[in-house]
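Following: one structure in structure tokens, then a few remarks.
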Amino acid sequence: MRGKQAKRRIIKPDIKYSSVTVQKLINYIMNSGKKSTAQRIVYGALDIAAKKSKQKHLDVLKKAIDNVGPTLEVKSRRIGGANYQIPFEVNSERKLVLSLRWIVDAARSQKGKSMEELLAREILNAYKGEGTAIKKKDDTQRMAEANRAFAHFARY
């Protein structure tokens, strides 16, 4: 590695739910520094998801994130002139980051409705265990399972 490793920034909890996870979701949604717009989208999406599932806002989001978060992922390593896809376990921080990213990407890839409705639909799909973000998780898990033979290279 070159230079110093960047220090971890401490993210303050959001205003409405006092949740760091919701604040991270707002930050992922935010474009061009428009935080108030991102907050409106996320809070609206959580309201829609909570109404449709008849659960609390944070419970729906937490279960959706748990369902989308992968347990294994592959990292590329060069060993002896060949590149191997080596499966690694995913730590909790990375699991949260990946699941939020996949939910937001899945919502952005759809067209036709407002971002609020698309995000709510994707959160509900993840809550139920279906949708684009769940498919992404399954693909990642499948790739890690397929490359399990190279797991012994993880020690290097």
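Among S92, S114, what is the fewest-to-most ranking by other Cβ atoms within 10 Å?
Details: S92 8, S114 11.
So the ranking, lowest neighbour count to highest, is S92, S114.
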Using only Cα atoms, find the angle between the long axis of helix 115-128 and the longest principal axis of the chain, and express it within 0 to 90 degrees, rounded to the nearest 10.
60 degrees
Protection proxy ranking, peptides 76-85, 27-36, average beta carbon neighbours within 10 Å, highest first:
27-36, 76-85
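What whole-number volume per residue, in cubic angstrom, does the convex hull of the C-alpha atoms of the chain give?
Working: hull volume 23.2 nm³, N = 156.
Considering the Cα atoms of the chain, their hull volume per residue is 149 Å³.
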Find the centroid of the Cα atoms in the stretch 105-156 and in the stretch 44-92, then give the distance between the two in whole Å.
7 Å
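Explain nothing, just the number: relative contact order of the stretch 1-60, from Cα pairs under 8 Å at least 6 residues apart, as a whole percent. Please list the in-between numbers first.
On the way: 36 pairs, mean separation 10.8, N = 60.
Averaging sequence separation for qualifying contacts and normalising by length gives 18 percent for the stretch 1-60.
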CD proxy at 222 nm, helix term only [per DSSP H run n ≥ 4: -39500 (n - 2.57); per residue of the chain; nearest 500]:
-18500 deg cm²/dmol
Can you flag which of K52/K113; K54/K95; K12/K136 are past 24 Å Cα-Cα?
K54/K95; K12/K136
I'd like to compare 97-105, 67-75: which one has the highest average count of other Cβ atoms within 10 Å, and what's the full order after that?
97-105, 67-75
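Would you work out the relative contact order for the stretch 16-135, in percent, from Cα pairs under 8 angstrom that are 6 or more residues apart?
Numbers: 143 pairs, mean separation 33.6, N = 120.
Computed value for the stretch 16-135: 28 percent relative contact order.
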Past 31 Å, Cα to Cα, is the threshold; run K35/K135; K4/K63; K24/K51; K34/K75 against it and keep the listed order.
K4/K63; K34/K75
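Quick note: the coordinates plus some simple rules give every number you see, no bench work behind them. These numbers were taken from a predicted model, which means no experiment stands behind them. No Cβ is skipped: glycine too gets one built from the backbone with ideal geometry, and neighbour counts run over all protein chains shown.
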